[in-house]
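> There's a structure below that I have some questions on.
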Amino acid sequence: MRTLKRFYTGVNVRPHREGFEITLDGRPVRTPRGHPLALPTEALAAAVAAEWEAQKAEIVPAAMPLTQIANTALDRVSPNRESFRASVAAFGRSDLLCQRAEAPADLVRRQEDQWDPLLGWAAERYGARLAVGAGVMPIAQPIEAVAALETALAGLDDWTLAAAGVATAASESLVLALAVVEDRIGGEEAFALAVLDEVWQNERWGEDREAVARRNAIAAELSAAARFARLSRR
């Protein structure tokens, strides 16, 4: 991944008409598309500023997950909210938590024990009663359930929607992502639920280095999404 030389000395947070902006040596930071990097809360701005401060000789974007989510909110969500929301909502039609194993029995039970409570929460919280089925093909979901999840996304502000997009893509579960951004579960629990099948396989056949790296990336993305959503709340 491309990196840049660190070109600044001081990182600060100052009030902005949109909330709080990040400055480098007194100059405002801008997103890749030129928007001021202004955050809705001082707590989130301080956390983003800390990412900039933590950069050493080179700026490594991958080491700045909160900044990346903020850029997404400002550059992708705000200008094209409906398109972004639709891309996230699409995961509700093939949610990971609805795709169950046919066998063996202990994996089936683990999925039921750990995934069913979140599906029950989604049904109670949003009225989204998703269907569950076994096999590799996506389960056809009731139109009403999918619409309920879309309505839930529509109720999120741009910042939370950006975090939900990250969590959804990482976990392949819209229900899980909504639980994260609403603080129903934390990032660590979300990660455990998202990789449940893979962990079960590893318990029997051993670890794979590439799989470990992929899981580490998922864990980092879910943790960042949870933290971003929490800090962005006014």
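Taken together, the values in this text are just the output of simple stated rules run on the coordinates, not laboratory data. Please read these numbers as outputs of a predicted model, since none were measured by experiment. For neighbour counting, all protein chains shown are included, and Cβ atoms are generated from backbone atoms with ideal geometry for every residue, glycine included.
> Just need the Rg to Rh number for the stretch 1-93, please, alpha carbons only, Kirkwood Rh. If you can, show how the numbers build up before the last one.
On the way: Rg = 14.3 Å, Rh = 14.1 Å.
Rg/Rh: 1.02.
> Please state, rounded to one decimal and in Å, the Kirkwood hydrodynamic radius that the chain gives when every pair of distinct Cα atoms enters the mean of 1/r. Don't skip to the end; give the middle numbers.
On the way: mean 1/r = 0.0529 Å⁻¹.
One over the average 1/r among Cα pairs gives 18.9 Å for the chain.
> With each pseudo-label sitting 7 Å past Cα toward Cβ, what's the ALA46-ARG109 distance in nm, one decimal?
Between ALA46 and ARG109, the simple spin-label model gives 4.7 nm.
> For the stretch 8-20, take each phi angle, set θ = phi - 60°, evaluate the Karplus expression 6.51 cos²θ - 1.76 cosθ + 1.60, and give the result in whole Hz per residue in order, putting x for glycine and proline.
10, 10, x, 10, 9, 10, 9, x, 9, 4, 9, x, 9
> To continue, here is another question. In the stretch 23-111, which trypsin sites (Lys or Arg not before Pro) are in a loop and have at most 12 other Cβ atoms within 10 Å, using DSSP for the loop call?
Working: sites: ARG30, ARG33, LYS56, ARG76, ARG81, ARG85, ARG93, ARG100, ARG109, ARG110; in loops: ARG33, LYS56.
Answer in residue order: ARG33, LYS56.
> Now, a different point. Could you tell me the distance between the Cα centroids of the stretch 80-153 and the stretch 193-215, to the nearest Å?
First find each Cα centre; the distance between them is then 22 Å.
> Modelled label-to-label distance, ALA86 and GLU198, 7 Å Cα→beta-carbon offset: nm?
Simple spin-label model gives 3.0 nm for this pair.
> Dipole of the stretch 32-183 (Lys/Arg Cβ +1, Asp/Glu Cβ -1, origin at the Cα centre): which of LEU74, VAL180, ALA46 lies farthest to the positive side?
LEU74
> If each residue of separation counts as 0.36 nm, what is the full-extension length gain between GLU188 and ALA134 once their alpha-carbon separation is subtracted? Before the final figure, lay out the partial values.
On the way: separation 54, 0.36 × 54 = 19.44 nm, distance 2.60 nm.
Stretched fully, the GLU188-ALA134 segment lengthens by 16.8 nm.
> Then there is this: Using the 10 angstrom Cβ neighbour count as an exposure proxy, how do ILE143, ILE69 rank, fewest first?
Details: ILE143 8, ILE69 26.
By the 10 Å Cβ count, ascending, the order reads ILE143, ILE69.
> Okay, next question. Using unit Cβ charges (K, R positive; D, E negative) and no other charged atoms, how large, in debye to the nearest 20, is the dipole of the chain about its Cα centre? Each step should come with its number before you reach the end.
On the way: 27 positive and 32 negative charges, 191 e Å.
That gives the chain a dipole magnitude of about 920 debye.
> Among DSSP beta bridges whose residues both lie in the chain, state the antiparallel percentage, nearest 5. Don't jump to the answer; show the numbers that get you there.
Numbers: 13 of 15 bridges.
About 85 percent, rounded to the nearest 5.
> Given a Förster distance of 30 Å, report the FRET efficiency between GLU210 and LYS56 from their Cβ-Cβ distance, rounded to the nearest 0.05. Don't skip to the end; give the middle numbers.
On the way: r = 28 Å, r/R0 = 0.92.
Efficiency, rounded to the nearest 0.05: 0.60.
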